[in-house]
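Scroll down for the structure; my scribbles are underneath it.
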Amino acid sequence: MKRTILLIILAALILPCRASSLPDGAASVQQQFLGTWKLLTYIREEVPSGARSDVMGPHPSGYINYGRDGRMMVIITGSDRKKPAGSVATPEEAQALLRSLLAYAGTYTLDPAAKTVTHHVEISWDQSRNGESHVRTYTLEGDHLTLTTEPSTDPASGKKTVRTLLWERYKSE
């Protein structure tokens, strides 16, 4: 009985120390990332020309969510998607809808010192990203989060690009 009480007291003293062992800045960044963000813009910049263009049209839609459990999900759809004419999409309609979609989920890790977040992809809409880790540089400014990819081959254009996504913290109404 005394041993159980001693273990409970030790756990009560040690657990808060363990939770606060993250540097204040790291814990603060983690807290700022949590929740749902709504996509505002998605821009690609070609390397080395610097030519800029919209990745999924001028008005893409999307959400990204970072959870306390270390999991993340993202879904992005392109501008001007068309609802299928019937209750089931034709092969052509389905293909057009898939071409204007990006979605994946997995875990994430933050590196506040490097100002990066890494998405560890476990599942993706087209299977091509499964098992990959995608490093994004981030900037947090108030209710805005900017994620920037490393230079890489753009799957849509085949050109080397840097893609920048601007998100706004989602506020329920």
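Any read-out appearing in this document is the output of simple, stated calculations on the displayed coordinates, not a laboratory observation. In this text the structure is predicted, and so the values were computed from the model without any measurement. Please note: Cβ atoms are built from the backbone with ideal geometry, for glycine as well, and neighbour counts cover all protein chains shown.
With contacts taken as Cα pairs under 8 Å and at least 6 residues apart, region 20-169 reaches a relative contact order of 23 percent. Using a/c under 1.5 as the rounded threshold, could you call region 21-83 rounded, prolate or oblate? The axes a ≥ b ≥ c are square roots of the C-alpha gyration tensor eigenvalues, and prolate needs a/b larger than b/c, oblate otherwise. Verdict is oblate for region 21-83. Between Q127 and S28, the FRET efficiency estimated from the beta carbon spacing at R0 = 35 angstrom works out to 0.45. Exposure proxy for H134, H144: other Cβ atoms within 10 Å of each Cβ, ordered fewest to most, give H144, H134. With 25 Å as the limit on Cα-Cα distance, the pairs of K83/K159; K38/K115; K115/K160; K83/K160 that go past it are K83/K159; K83/K160.
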